[in-house]
Amino acid sequence: MSDLNWQKSSFSEAAGTNCVYLAATPDGTVHLRESDSPATILTTTPEALANLMHALTTCTTTPVGTR
């Protein structure tokens, strides 16, 4: 997977110590990895990632443990 074009998320820290990287693959999946653990790679579809991002950015519920 070293031949993938990894791009740093725009929400990552500028210093590069807490970064999330994404890479699109030829088969249409998306890989995600974190700078703290670059060998751990999550694979998902663009649709699933978009649904997760939408849920995270529009969440209006109270986080677990804060009730």
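Among the residues of the stretch 1-21, how many are surrounded by 12 or more Cβ atoms within 10 Å (Cβ to Cβ) and in contact with a Lys or Arg (Cβ under 8 Å, 6 or more places away or on another chain)?
Summing the residues that are surrounded by 12 or more Cβ atoms within 10 Å (Cβ to Cβ) and in contact with a Lys or Arg (Cβ under 8 Å, 6 or more places away or on another chain) in the stretch 1-21 gives 4.
Can you tell me how many residues in the stretch 31-54 are farther than 17 Å from residue 11 by Cα, touching a strand residue (DSSP E or B) at 6+ places or on another chain (Cβ under 7 Å) and hydrophobic (A, V, I, L, M, F, W, C)?
2
Answer yes if at least one residue in the stretch 22-33 is surrounded by 10 or more Cβ atoms within 10 Å (Cβ to Cβ), charged (D, E, K, R) and at pLDDT 90 or above, and no otherwise.
Yes, the conditions are met somewhere in the stretch 22-33.
Being loosely packed, with under 10 Cβ neighbours inside 10 Å and either among the β-branched types (Val, Ile, Thr) or at pLDDT below 85 (or both): is that true of residue 57 here?
The answer is yes for residue 57.
Give me the pairs, please: first residue somewhere in the stretch 46-59 and under 21 Å from residue 24 (Cβ atoms), second residue anywhere and polar (S, T, N, Q) and surrounded by 10 or more Cβ atoms within 10 Å (Cβ to Cβ), beta-carbon distance under 6 Å, and either six or more positions apart or on two chains.
Pairs found: none.
The values are calculated or read from the model by the stated rules, or taken from the named source; none is laboratory data. Values in this document were obtained by computation on a predicted structure and should not be read as measured data. Using ideal geometry, Cβ is built from the backbone for each residue, glycine included, and neighbour counts are taken over all protein chains shown.
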